[in-house]
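**Student:** Structure below; questions to follow.
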């Protein structure tokens, strides 16, 4: 069957239901901005109407995308519903709406029982809204651009059908008014009683979704705009809005999927790499619940401060997250194994767990009234969380690990240094991460005890220590910290052939700062062995640093001799000459003897 | 893993370093007219070594090498040169020269170069230390068993055997377990009592030719050094394998067994050869 035929079949099927057909100038771009007058009237009409709570439910798509598993959040029996699916199901109010097998269906979100079914001809679901009595569903129109909007009562009767060439977004319903986002910037209010466009509002931020949550009606995609008394000023940019701050995140996650694009029943990477937040109505307009927003990156979950986007916690999970929703008090996330976790907003600790009973292809979580609370037993300090996340051997997480490593590098406590040492020392660390870890380690200025413990290790074939510690960055850090207690350890690495040339260079540079008389023998040994046989500039530089240390320790003879000897490698010799010259005592000024005499004999008289 | 250790042994076979057992009763050098007389060290050698002139230093090193052990008086001066630093070419020459002097006076300087970043110099220094000997040399060679370079590890293992460093047997067993094949022969040269038995116990877990490179050494050590009981026990261990390679090894031992040595051990070898001659891959009857 061709797409055009399907579209026709759809129209016929829907018309046969007896609902009102609307083919008008709805969603016209010839509309003139009324300065918010019409939407202001709508606010006056329904603004004080109570908004019913939506279901708190997790819905998983299982099997071969032909089975729904519902599990109420906060307790209740699981339900299942077998039906082929051609799009991701949607939770609207207390209804789960799905499409597939040439029909659209609505289930009671709490029980999974069928409320109604309507034939569609096979067009996939975009979004849905429900106000407790009527469900408004949008579909992607067959055969190209354009959409179909269907309003269905609880008894299955179609009360309104609208076809449009415009791509419509995911709608909401309030007081039998459908709020339909479209063209990325408009929300048209359709009076379901007559099919007329009762109002329209122009928003200043990308918007393709409308929904009710926390007793308010919201519009958004990239951020949140609240339907309140300020909505009439939306076109002037004065609506009540809230957003999450821009910050670097791995995989460029999105806050919401575009409402005018149908989501496949099987989750993809964009479902695993997501942001979640919950808008909250405030006296002044809108804010982010709990001052927290969340992000997932495959099996990592992260919590961020709402104001500045500062990382608050990170949590490593056993499987990839494929769906979720922010709630009051935390976030609920669903993984591809069908496990659902409730994570504390403040700490990322576990507040609750559920199990859908089998792996899922995708997962939809809807939370409205449920408030997550309790004291998580597995809450850990952020440094420890970061350490676990960064040290996990998981190549697919490297992008996130790099970011988390930078977070770790910015932390002041000593244990962050320990983690950086561990990451930089671990042979399993990804090469992509290793460079960052070493750079971060070089910039540390605390945790010297962990660095010294690392330096105590050397490559040792018989003891199965097959990787040298990150000597270079540790030496840089210890040198900058002027950590004299590290001098013997640094000296031992000067002579370790298993260390890299750069490691040796950095160890020598640090010794130029921290070496004491106890290191003289090692410095002489290194200087003697390499001053005429340094194979490259790194080792030549190390020779110069060793020479500098020897000069500082008043052992200038060997350095002065090397600076004059033609067999000394040229790179080192030039620099040693300069060092020796700078260290040489300056000849006294011609009249200094006279002055000394004068001082001894008292101030000179004019 | 086995391929690696086999390859290592093959290299040694080619080099003729390890597998020639120390035939204690026959290997003692005889003072005879065949032994070349030492070339005396030229009088100005030390002066040339300390000249600071590269050509003269090189020339002096050549003279010391020619003098071999007789060049020992120059060892301290060569050690000083190494400690002051030389070009890579002269460094190599100085290390090799110190080795030829076999003077313990050179060990301290050679010890430096046993952890030089240039692996060729490191190998040369380890080889040289095995000849200059001394407590410092043993210490350095034991440490060199853990070197990142397999060549250095192997040379260190060999050196410890040739230096009779009995205290290093424990380290050599660890090295053998870490696929340092050269350790087997050294263990064979150094082991006492249960240590030799422990080496034989490696049959089956360590490649046959690696273990037998050590057992060969044990069997041909002087009767005063290794008891006949131990030798019979080792022969029995090999015999128990009942393989063609065991038969070939035993036949080789049989062929080399000194006529004046223990008849009891000889009998055990003969019987073992017969017992294993029917094994797949065995080369036929006894000699």
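Just so it is clear, none of the values below were taken in a lab; they were calculated from the coordinates. Nothing here was measured: the structure is a model prediction, and the numbers come from that model. Note: ideal-geometry Cβ built from the backbone for every residue, glycine included; neighbour counts use all protein chains shown.
**Student:** From largest to smallest, what semi-axes in whole angstrom does region A:371-470 give when each is the square root of 5 times an eigenvalue of its alpha carbon gyration tensor?
**Tutor:** Whole-Å semi-axes of the equivalent ellipsoid: 26, 16, 14.
**Student:** What percent of all Cα-Cα pairs in region B:124-168 falls into each 10 Å bin, going from 0 up to the bin containing the maximum distance?
**Tutor:** So the P(r) values, bin by bin, are 35, 60, 5.
**Student:** Further, regarding this structure: Order A:418-429, A:438-449 from most to least packed using the mean count of other Cβ atoms within 10 Å.
**Tutor:** In decreasing order of mean packing, A:418-429, A:438-449 become A:418-429, A:438-449.
**Student:** Which whole-number percent is the relative contact order of chain A (Cα, under 8 Å, 6+ apart)?
**Tutor:** On the way: 1408 pairs, mean separation 50.9, N = 606.
Computed value for chain A: 8 percent relative contact order.
**Student:** For region A:163-256, what does the equivalent ellipsoid look like in terms of its semi-axes, each the square root of 5 times an eigenvalue of the Cα gyration tensor, given largest first in whole Å?
**Tutor:** On the way: eigenvalues 113, 45, 30 Å².
Three semi-axes, in Å: 24, 15, 12.
**Student:** Let me ask another. Be a star and scan region A:397-411 for residues whose amide nitrogen sits under 13 Å from the point 7 Å along the Cα-to-Cβ vector of residue A:248.
**Tutor:** A:399-410
**Student:** Here's another thing I want to ask about it. Rg and Dmax of the protein assembly as shown over Cα atoms: what are they, in angstrom?
**Tutor:** Just the Cα atoms of the protein assembly as shown yield Rg and Dmax of 41.9, 128 Å.
**Student:** How much length would be gained if the chain were fully extended between residue A:536 and residue A:165, taking 0.36 nm per residue of separation minus their Cα-Cα distance, in nm to one decimal?
**Tutor:** Gain in length upon complete extension: 126.6 nm.
**Student:** Would you mind computing, in nm to one decimal, how far apart the modelled labels at residue A:413 and residue A:555 are, each placed 7 Å from Cα along Cα→Cβ?
**Tutor:** 4.2 nm
**Student:** For chain A, give the share of DSSP beta bridges that are antiparallel, in percent and rounded to the nearest 5; count only bridges with both residues there. Mind showing how you got there, number by number?
**Tutor:** Details: 110 of 116 bridges.
Around 95 percent antiparallel, to the nearest 5.
**Student:** Test of understanding: what is the full-extension gain from residue A:283 to residue A:353, defined as 0.36 nm times their sequence separation minus their Cα-Cα distance?
**Tutor:** Result: 21.8 nm gained on full extension.
**Student:** So what are the radius of gyration and Dmax for the Cα set of region A:409-463, in Å?
**Tutor:** For region A:409-463, the Cα-based Rg and Dmax read 11.5, 37 Å.
**Student:** Would you calculate the volume per residue, in Å³, of the smallest convex hull containing every Cα atom of region A:100-259?
**Tutor:** Convex hull volume per residue, Cα atoms: 140 Å³.
**Student:** Sort out for me the Cα centre separation of region A:105-170 from region A:48-103, rounded to whole Å.
**Tutor:** When both Cα centres are located, 14 Å separates them.
**Student:** Additional query: For peptide B:47-57, what's the mean number of Cβ atoms from other chains within 10 Å of each residue's Cβ?
**Tutor:** What the average comes to for B:47-57 is 1.
**Student:** Which whole-number percentage describes the relative contact order of chain B, with Cα contacts under 8 Å and a sequence gap of 6 or more?
**Tutor:** Working: 438 pairs, mean separation 39.0, N = 287.
Relative contact order comes out at 14 percent.
**Student:** Two decimals is fine: what is log10 I(q)/I(0) at q = 0.09, 0.19, 0.20 Å⁻¹ for region B:127-264, from a Debye sum with one equal scatterer on every Cα and no solvent?
**Tutor:** Rounded to two decimals, the profile gives -0.26, -1.04, -1.12.
**Student:** Under a 10 Å cutoff between Cα atoms, tell me which one of B:140, B:54, B:265 has the largest fluctuation in the Gaussian network model of chain B.
**Tutor:** Most flexible of the set in this elastic network: B:54.
**Student:** Could you work out the per residue convex hull volume over the alpha carbons of region A:471-525, in cubic angstrom? Kindly include the intermediate steps, with their values, before the conclusion.
**Tutor:** Values: hull volume 3.3 nm³, N = 55.
In region A:471-525, the Cα convex hull volume per residue is 60 Å³.
**Student:** Within 10 Å of each Cβ in A:398-409, how many Cβ atoms from other chains are there, averaged over the peptide?
**Tutor:** So the per-residue partner count for this stretch is 0.
**Student:** Please report, for the Cα atoms of chain B, the Rg to one decimal and the Dmax as a whole number; what are they, in angstrom?
**Tutor:** When restricted to Cα atoms, chain B yields Rg and Dmax of 21.4, 69 Å.
**Student:** Note down the relative contact order for region A:296-412 as a percent, whole number, built from C-alpha pairs under 8 angstrom at least six residues apart. Don't skip to the end; give the middle numbers.
**Tutor:** On the way: 217 pairs, mean separation 25.7, N = 117.
Relative contact order, region A:296-412: 22 percent.
**Student:** PRE reach from residue A:384 (point 7 Å along Cα→Cβ): which of region A:414-458 fall under 16 Å by backbone N?
**Tutor:** A:414-419
**Student:** Using a 10 Å cut-off on Cβ to Cβ distances, tally the other chain neighbours for every residue of A:521-534 and report the average as a whole number. Intermediate values should be presented prior to the final figure.
**Tutor:** Values: counts 0, 0, 0, 3, 6, 1, 3, 9, 14, 4, 3, 7, 13, 3.
Mean partner-chain Cβ count within 10 Å for A:521-534: 5.
**Student:** Let me ask another. With each pseudo-label sitting 7 Å past Cα toward Cβ, what's the residue B:252-residue A:37 distance in nm, one decimal?
**Tutor:** So the label points at residue B:252 and residue A:37 sit 10.8 nm apart.
**Student:** In whole Å, largest first, what are the principal axis extents of the Cα atoms in region A:221-356?
**Tutor:** Result for region A:221-356: principal-axis Cα extents of 46, 34, 28 Å.
**Student:** Would you compute, for the Cα atoms of region A:339-427, the largest minus smallest coordinate along each principal axis and list the three values in descending order, in whole Å?
**Tutor:** Largest to smallest, the principal-axis extents are 44, 30, 18 Å.
**Student:** How much length is gained on full extension from residue B:240 to residue B:39, taking 0.36 nm per residue of separation minus their Cα-Cα distance?
**Tutor:** Working: separation 201, 0.36 × 201 = 72.36 nm, distance 5.26 nm.
Extra length from residue B:240 to residue B:39 when fully extended: 67.1 nm.
**Student:** Moving on. How tilted is helix A:414-425 with respect to the longest principal axis of chain A? Cα atoms for both, answer in degrees (0 to 90, nearest 10).
**Tutor:** The two axes meet at around 80 degrees.
**Student:** Label residue B:271 and residue A:53 with points 7 Å out from Cα along Cα→Cβ: what is the distance between them in nm?
**Tutor:** 9.3 nm
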